[in-house]
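Trainee: Shown below is the structure under consideration.
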Amino acid sequence: MSQLLGQIFTLLTTPPGNLVYYIVLVFSIAGALQGAINSLLSSNFPQTRRTVIGLTVMLGLQVILFVISGLTWQGLLNSQTVFPPLDRVVTLLTLVWIAWLWAFPEPSRLADAATLLLNLLGLTVFGLTLAFWTHNPTGFFNRSIYETVWQAFSILIILLGTLALVLRKPNGWSYGLAMLILGFLGHLASLVIPMDGNYPGFVRLAQLAMFPILLTLAQRFPVPAPARPTVIKKRSPDEPIQERRRYSTDPKTFHAMMTLAAETEPDKIGHALARGIAQAMLADLCFLITLGEDKALSISCGYDLIREEYLGGTTIDRDAIPLLANAIQRGRPLRLPASSTSSDLKGLGQILSLSNPGNLLSVPISTPERGPLGSILILSPYSNRLWSAEDQTFLSNVSALFIPILERGQRISALEMERDKSLQEAHGVVERASESKNKYEQLLADLEGQREKMAQAQVQAENMAALLVMQEDAQKTIEKLKAENEQLRNGGAQPGIAYEQMERELRQTLEEMAHMQNSLADANIKILELEKRPEAPITTEQVEVIASISQELRQPMSSIVGYTDLLMGESVGILGALQRKFVERIKASTERIGGLVDDLIQITNLETGKMEFKPEAIDLNLIIDNAMAYTSTQIREKNITLRLDLTGTSPHIRTDRDALQQILIHLLQNATAATHAEGNITLRVQMQSEQDNHFLSIQVSDNGGGIASEDIPRVFARRYRAEHSLIEGLGDTGVGLSIAKALVEAQNGRIWVETEAGVGSTFSVLMPDMEDVAEETQK
């Protein structure tokens, strides 16, 4: 047996017999490389690309060793000094690349860096060995200390590769494990049983057994079968070949495409697109991945074809899918087969909660102007369908057709964002207008308070004047008493009783005078305190300030009206039901603020006497229609029934148009606010005559429950301050009815209220025809 082994080892280690050893190794590596290249051309998987790189390096090492072996056989190089260290380093580097190929089929920075480091370490040991062995080549290399170092180094590499294979268990890892076990046995035998010579026979025998296993390396991952034409009948040379369909022509696919073409909502465009692609490609899962401006990746939406349900979006960690993230960022397609060691597939499985994502195909979505926008990602976790180059080409062509649809969705999203921004600006303007309104109300309250203080000061001043008159009278009385007293003294002795009585009267008068002087001092102190307080009568300057602030309020209100009309016109986007309700509330609030501003201007003009009335012939029907239109929103919101009674009314009367319309509006607003939901309001307008004088009668009745008798004197009073509580059964808050009363009385009219407890109130207005008033004035 030992003789047979010796003959085999001699054949494998000495020329020309060792030519068989080199041919087997080179052809094994070349055959595996050819299979890897074919797989790369048909699949373009990153795994096959790495396989081609590793096998190319191994083939290059063996070719270098074969060429140098031929040179030493021809006697051109010294086989004793150069070739033994070279044989060991090639064997070591080959083991490193074998472990790299089988254990790390997918890109791994750590594994790639470790492989390069081991290659550099092996070359360094080779240089040291070559230097020492060339300097002193005594005996056989197989029995030298250098051989022991090389064999131990090779066994260490084999153990590390075996550990990586067992832990990672990539596709086809059992074949790699078999190769490393055979190599381990050969190197261990060479280390334990050293033989004469310069080349390890056990190692070369083990390599002859392990290298043919490399032919299975390219078969670890499935390769898509090329599309083959199927002849269904005899055809003429000019008849086209009918090909097997790989894509769906189901009616559901056309329905999905029609839904995608008709979709206008941005959120649903992505779902419709994912569903259409899944139906067309017969993909188990389809996702749309978007690439943000900061290069952040996120899944916007997806569709599950098997369960027929839409999938939500989520964020993606770029480090979890390095190959896919790099391909999307560069705008390149990517295909990955199902692999247990692929970090991208593991990362997607964790993100999507899938135990096995299956085969992967990613096609970029990009435009020449903006570059990559994202990608279409399809997976086959259920059917395990392998995506081919034809699938990639088909999906790439289809994705270009979806770009206008996605851009349409982005434009719609931009319009919605602009609309939301406009709504926010409108809300901000409303808030600022509300703040201005509060400031106005506070200003009115301050003015009313100052007016009350002025009235109190006037009363104090009148009291002070009365005290001064009393003081003067008392002083005159004292002077008179003093004169009489002096007279008595000069006039001689009088009866004792009369004198004592006069003395008592004088003492009482002096005490009364002292009391009056004390009262006068107290009054002076109060006057000084009142003089120190600021007096604020309504002046022309204050009127101008109020007018200026009112004008400033109208400017933001104009912006609000413009924005609300723009939004309600739906020129920047279609409004939902809830959004339209919000916009209508904004418009109603703006109209309410405008009414308050008008009320403020009217109050100021009435207080300063600058209110001018312009009598003219007016159409009562038009005035009533305008007033009802102004209050229609509040009436409609509370579902109130408005009854109109115009019997016996002349359609024309001569009075101030704006004043009459304001009176009607304030009365209707009060009735609307006082009436409960689904209540009734009655408006009666009639013309009355008395001694050739014509009067306009207006009555507005509500069913708000009536007003308490003690509150009736306060119905038409202005109630600005917080201590003036609201009146139950009255809708007005203290401004509208007071303005109506001032407008009616300024035109020689009367206004009053009649109420019935538990039922409601009726506000009546009686105004003369201004033409009759003018005639009486001329008379």
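The values are calculated or read from the model by the stated rules, or taken from the named source; none is laboratory data. A quick note: this is a predicted structure, and the numbers were derived from the prediction, not measured. Please note: Cβ atoms are built from the backbone with ideal geometry, for glycine as well, and neighbour counts cover all protein chains shown. Accessible surface is based on the protein model in full, side chains and every heavy atom, while ligands, DNA and RNA are left aside. Shrake-Rupley method; radii C 1.70, N 1.55, O 1.52, S 1.80 Å.
Trainee: Can you tell me which of (1) modelled with pLDDT under 85; (2) of a type in the set (A, V, I, L, M, F, W, C); (3) open to solvent by less than 20 Å² (accessible area, probe 1.4 Å); (4) assigned to a helix (DSSP H, G or I) is the one Ile727 doesn't meet?
Mentor: (4)
Trainee: Then there's this: Sort out which residues of segment 49-78 are touching a Pro at 6+ places or on another chain (Cβ under 9 Å) and among the polar types (S, T, N, Q), and write them in order of number.
Mentor: The answer is Thr51, Ser69, Thr72, Asn78.
Trainee: Tell me which of these Glu106 doesn't satisfy, since it passes every other one: (1) surrounded by 16 or more Cβ atoms within 10 Å (Cβ to Cβ); (2) at pLDDT 90 or above.
Mentor: Of the numbered conditions (1) surrounded by 16 or more Cβ atoms within 10 Å (Cβ to Cβ); (2) at pLDDT 90 or above, the odd one out for Glu106 is (2).
Yes/no per residue for (1) more than 22 Å from the chain's Cα centre (by Cα); (2) of a type in the set (S, T, N, Q):
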| residue | (1), (2) |
| --- | --- |
| Leu282 | yes, no |
| Thr290 | no, yes |
| Glu293 | no, no |
| Cys301 | no, no |
| Leu305 | yes, no |
| Ile321 | yes, no |
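Trainee: Then there's this: Let me confirm something: among Leu188, Leu167, which residue is closer than 22 Å to Phe83 by Cα and open to solvent by 50 Å² or more (accessible area, probe 1.4 Å)?
Mentor: Leu188
Trainee: Now, a different point. If you go through segment 743-757 one residue at a time, how many are open to solvent by less than 70 Å² (accessible area, probe 1.4 Å), in contact (Cβ under 8 Å) with a residue 24 or more places away in the chain and not in a strand (DSSP E or B)?
Mentor: Qualifying residue count, segment 743-757: 4.
Trainee: Okay, moving on. Check segment 22-30 and report whether any residue there is at pLDDT below 90, among the hydroxyl-bearing types (Ser, Thr, Tyr) and under 19 Å from Leu182 (Cα atoms).
Mentor: Yes, segment 22-30 has at least one match.
Trainee: Evaluate segment 45-58: report whether one residue or more is under 26 Å from Thr341 (Cβ atoms), out of contact with any Asp or Glu (no Cβ under 8 Å at 6 or more places or on another chain), of a type outside the set (S, T, N, Q) and open to solvent by 60 Å² or more (accessible area, probe 1.4 Å).
Mentor: yes
Trainee: Of all residues being farther than 18 Å from Leu642 by Cα and of a type in the set (Lys, Arg) in segment 672-719, which is surrounded by the fewest Cβ atoms within 10 Å (Cβ to Cβ)? Just the residue, please.
Mentor: Arg714
Trainee: Can I ask one more? Pick from segment 323-371 the residues that are assigned to a loop (DSSP other than H, G, I, E, B) and among the aliphatic types (A, V, I, L, M): which of them is farthest from the chain's Cα centre (by Cα)?
Mentor: Step by step, filter segment 323-371, then rank; the result is Ala338.
Trainee: Grab the helices (runs of 4 or more DSSP H) fully contained in segment 107-220, keeping just those with 1 or more residues being under 30 Å from Asp344 (Cα atoms).
Mentor: Result: 109-135, 145-168, 173-192.
Trainee: Give all pairs with beta carbons closer than 6 Å in which a residue from segment 175-191 that is at pLDDT below 95 meets a residue that is not in a helix (DSSP H, G or I); count only pairs at least 6 apart in sequence or on separate chains.
Mentor: Matching pairs, first to second residue: Ser190/Pro200.
Trainee: Continuing with the same structure: Please state which one of Ser362, Ser339 is surrounded by 20 or more Cβ atoms within 10 Å (Cβ to Cβ) and at pLDDT below 85.
Mentor: Ser339
Trainee: Related question: Say whether the condition of being under 19 Å from Ala283 (Cβ atoms) and of a type in the set (Ser, Thr, Tyr) is met by at least one residue in segment 293-300.
Mentor: yes
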